[in-house]
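One structure below.
Just so it is clear, none of the values below were taken in a lab; they were calculated from the coordinates. The shown structure was predicted, so the numbers you read here are calculated from the model rather than taken from an experiment. Glycine also receives a Cβ, built like all others from the backbone with ideal geometry; neighbour counts cover every protein chain displayed.
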Amino acid sequence: MEKELPGFGEEMRRASLTEVPTAILSRQSAGIRGSTLMITIPGKPSAIATCLNAVFAAVPYCLDLIGAAWVETDPAKIKAFRPKN
């Protein structure tokens, strides 16, 4: 990673803590390298859903900021946040 994005890990752990008290031991994190966003996720499928649901609204705008490809989302499934110009 060229730059760590600690807020992603903090939010994924916060969301996981509502389900398991051992979430504070997890290593979820995120960072960027070039125009790539890397998000580390847990191995348990239900925990993956919890973590990605917690942070995904910020992913499209993060990708915009680092010059990655444009990502469209279906607002019926997940609402992405992008500030108004």
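Once the Cα-Cα distance is subtracted from the 0.36 nm per residue extended length, the residue 66 to residue 22 segment shows a gain of 12.6 nm.
Taking the Cα centre of segment 3-66 as reference, the dipole from Cβ charges on Lys and Arg (+1) and Asp and Glu (-1) amounts to some 160 debye. Which part of segment 66-85 falls in the paramagnetic zone of residue 35, meaning amide N under 16 Å from the point 7 Å along Cα-to-beta-carbon? Residues 66-72 qualify, since their backbone N sits under 16 Å from the label point. Could you tell me which of rounded, prolate or oblate describes the chain, using a ≥ b ≥ c as the square roots of the eigenvalues of the alpha-carbon gyration tensor, with rounded for a/c under 1.5 and, failing that, prolate when a/b is larger than b/c and oblate otherwise? Since a/c reaches 1.5 but b/c is at least a/b, the shape of the chain is classed as oblate.
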